[in-house]
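I have placed the structure first, in the form of structure tokens, so that the comments after it can refer back to it.
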Amino acid sequence: MDQGTLIMLNRRHVLAQLSSKVRETLVPALLDGLPHTMRDEATEKAVLKGFLEDQIPGIVCRPTRECGEGQGQLGFSFPFRLGEQRVRSSLIVDAEQVSAYVTPYEVMDRAMKRVPPVHPGLRNLFDCAEQHDVRLGLIGSAALAAVTGLAYVRPQSDIDVIVDTGHGGSLEAFNDAVAALSEELGIAVDAELEVNASLGVKMKEYFSSTRKVLVKYIDGIDLVEKENLPIYKDAAMLKNEATLESNRGIL
């Protein structure tokens, strides 16, 4: 079994492509993964169209059921809702069943080439990231819209992104700029710091005054001291830490 494939199947937010043949074998599992309130005939028909015809990719996610060796869980989000609730399902796949993976950073590249943009505020956010030398990945509904061309995004939709902390850049300044941009545009931006391509922490929480942050792994969550996270520290962050340490000494 290819080790690289297994690694990608354990990396949150990555999109996984499945062949048509594999999809046909997974139909029972997909329908079984639907919430009981979404198992009416019309919804199941629309789900199968999205899965089999539109080839909607799966999203690598935290398993909610037991996975065997070489397996992982994919979540499927569809471009329609029942009321205000988006229709979703999930299923377990073997690593060999995945034909290709698309990282959030590759998705962002695709999104920037789409005209019109998949979200009205995405270009502003991307330009802001470039200004602060931050590598930005696209996740959530806008990511699925960028890959499939389907109508996942509404004008008031949030923008969900991840930040590659290993790339560097002015992370703290970017966090401040995102807050200002979100207020200016009236659009919520949910940004997650990706650490070592294996865990994530909310950017806003990381740059808050709290000492511990909630960290998400592929197999669970944990409260972790900020200082124990191997996040790239730019000059501004180091300066602030030095100031805080100095103030502790005075107190």
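The values are calculated or read from the model by the stated rules, or taken from the named source; none is laboratory data. Values in this document were obtained by computation on a predicted structure and should not be read as measured data. Reconstructed Cβ throughout: ideal geometry from the backbone, glycine too, with neighbour counts over all protein chains shown.
When segment 122-153 is filtered for residues that are of a type in the set (A, V, I, L, M) and either assigned to a helix (DSSP H, G or I) or within 17 Å of Gln17 (Cα to Cα) (or both), the ones remaining, listed by number, are Leu122, Leu125, Ala129, Leu138, Ile139, Ala142, Ala143, Leu144, Ala145, Ala146, Val147, Leu150. Just one residue in the set Ile59, Ile92 is at pLDDT 95 or above and more than 19 Å from Leu144 (Cβ to Cβ); that residue is Ile92.
Taking the criterion of being surrounded by 14 or more Cβ atoms within 10 Å (Cβ to Cβ), outside the structural domain of Ser141 (by TED's automatic domain parsing) and either in a helix (DSSP H, G or I) or without any contact (Cβ under 8 Å) to a residue 24 or more places away in the chain (or both), would at least one residue in segment 53-70 satisfy it? Within segment 53-70 (the criterion being surrounded by 14 or more Cβ atoms within 10 Å (Cβ to Cβ), outside the structural domain of Ser141 (by TED's automatic domain parsing) and either in a helix (DSSP H, G or I) or without any contact (Cβ under 8 Å) to a residue 24 or more places away in the chain (or both)), the answer is no, since none of the residues qualifies.
A quick yes/no check of all residues on (1) within 21 Å of Val189 (Cα to Cα); (2) in a helix (DSSP H, G or I):
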position	(1), (2)
Val87	no, no
Ile92	no, no
Glu96	no, yes
Ala100	no, no
Tyr105	yes, yes
Ala111	yes, yes
Pro116	yes, no
Pro120	yes, no
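Looking only at segment 163-173, how many residues end up being part of a helix (DSSP H, G or I) and crowded, with 22+ Cβ neighbours inside 10 Å? Residues that pass the stated criteria total 1.
Would you check if Asp160 is acidic (Asp, Glu), buried (at least 16 other Cβ atoms within 10 Å of the Cβ) and assigned to a strand (DSSP E or B)? Criteria met by Asp160.
When Glu84 is tested against (1) assigned by TED's automatic domain parsing to the domain that holds Arg62; (2) modelled with pLDDT of 95 or more, just one condition goes unmet, and that condition is (2). If the condition is being surrounded by fewer than 19 Cβ atoms within 10 Å (Cβ to Cβ) and among the small types (Gly, Ala, Ser), then segment 183-195 contributes Gly186, Ala188.
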